[in-house]
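> Here it is: the structure, laid out below.
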Amino acid sequence: MRPLLLVDVDGVLNPMGRPAPDFRRYRCTLGAVTYTVHLNPAHGTRLLDLALATGAELAWATTWQDHANEWISPRIGLPRLPVVPIERRRSSEHGEAAKTPSVAAYAGRRPFVWFDDQVWTEDEEYLRVHRGLADFLLVRVDPEHGLTREHLALAQEWLTLSGFSQGR
């Protein structure tokens, strides 16, 4: 089974701090709300390169849901990606993020790397005790700066050394 590369938007591709000069500013409207997002067009190429090098499948793991395909993908050069269906929850079982059970259900027995700015020890503990789940790597991204080459290199190294890489 191909490993997964799960990508969040806010805090990962859209940093919360002052963006570097290679980011572009966009205004997008979802329903009645207009958002300002800062995106680096190079992120698309870097994520695609990582997927190609490791044989992994890219997917969105974001509360943007399919809006990520409408607003984010075309601006950073990604194709339409599968979307982890995020189930809205009011409370957690063990302090894990609301997205974590949805990610676990989506990944199933596939190994995965998850790039997110809101993954913590509680998320890792939840995933470690989730029966039937394959191995995984949580890559916590600093929301002030967003995704870096170092995060991508860490993912590639883990997939390769763990034997999950199916690189071409």
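The values are calculated or read from the model by the stated rules, or taken from the named source; none is laboratory data. All values reported here derive from a predicted model rather than from experimental measurement. Virtual Cβ from ideal backbone geometry, glycine too; neighbours counted across all protein chains shown. Remember, those area values only see protein heavy atoms, side chains included, never the ligands or the DNA or RNA. Shrake-Rupley method; radii C 1.70, N 1.55, O 1.52, S 1.80 Å.
> Just to confirm, what accessible area per residue do you get for the chain at 1.4 Å probe, in whole Å²? Walk me through the intermediate numbers first.
Values: 8610 Å² over 168 residues.
Ligands and nucleic acids excluded, the figure is 51 Å² per residue.
> Further question: What would the Debye formula give as log10 I(q)/I(0) at q = 0.13, 0.19, 0.22, 0.26 Å⁻¹ for the alpha-carbon point model of region 42-90, no solvent?
Log10 of I(q)/I(0), two decimals: -0.32, -0.62, -0.78, -0.98.
> Kindly work out what percent of the DSSP beta bridges joining two residues of region 6-88 are antiparallel, to the nearest 5.
Values: 7 of 11 bridges.
Of the beta bridges lying entirely in region 6-88, close to 65 percent run antiparallel.
> OK, next. Give me the one-decimal Kirkwood hydrodynamic radius in Å for region 1-103, with the sum taken over alpha-carbon pairs. Can you show the working numbers first?
Details: mean 1/r = 0.0680 Å⁻¹.
Result for region 1-103 stands at 14.7 Å.
> Taking all protein chains in place and a 1.4 Å probe, what share, in percent, of the accessible surface of the chain do carbon and sulfur account for?
Working: 4280 of 8610 Å².
Carbon and sulfur atoms account for 50 percent of the accessible area of the chain.
> Can you tally the net charge around V83? Count Lys and Arg as +1, Asp and Glu as -1, for every other residue whose Cβ sits under 14 Å from the Cβ of V83. Intermediate values should be presented prior to the final figure.
Working: positive: R80, K99; negative: D8, E57, D66, E70, E87.
Residues close to V83 contribute a combined charge of -3.
> Among the GluC sites (Glu not before Pro) in region 77-137, which ones are in a DSSP loop with at most 12 other Cβ atoms within 10 Å of the Cβ? Mind listing them? It would help to have the intermediate numbers written out before the result.
On the way: sites: E87, E93, E96, E122, E124, E125; in loops: E87, E93, E96.
Here the GluC sites (Glu not before Pro) that fit, given the DSSP loop and packing criteria, are E87, E93.
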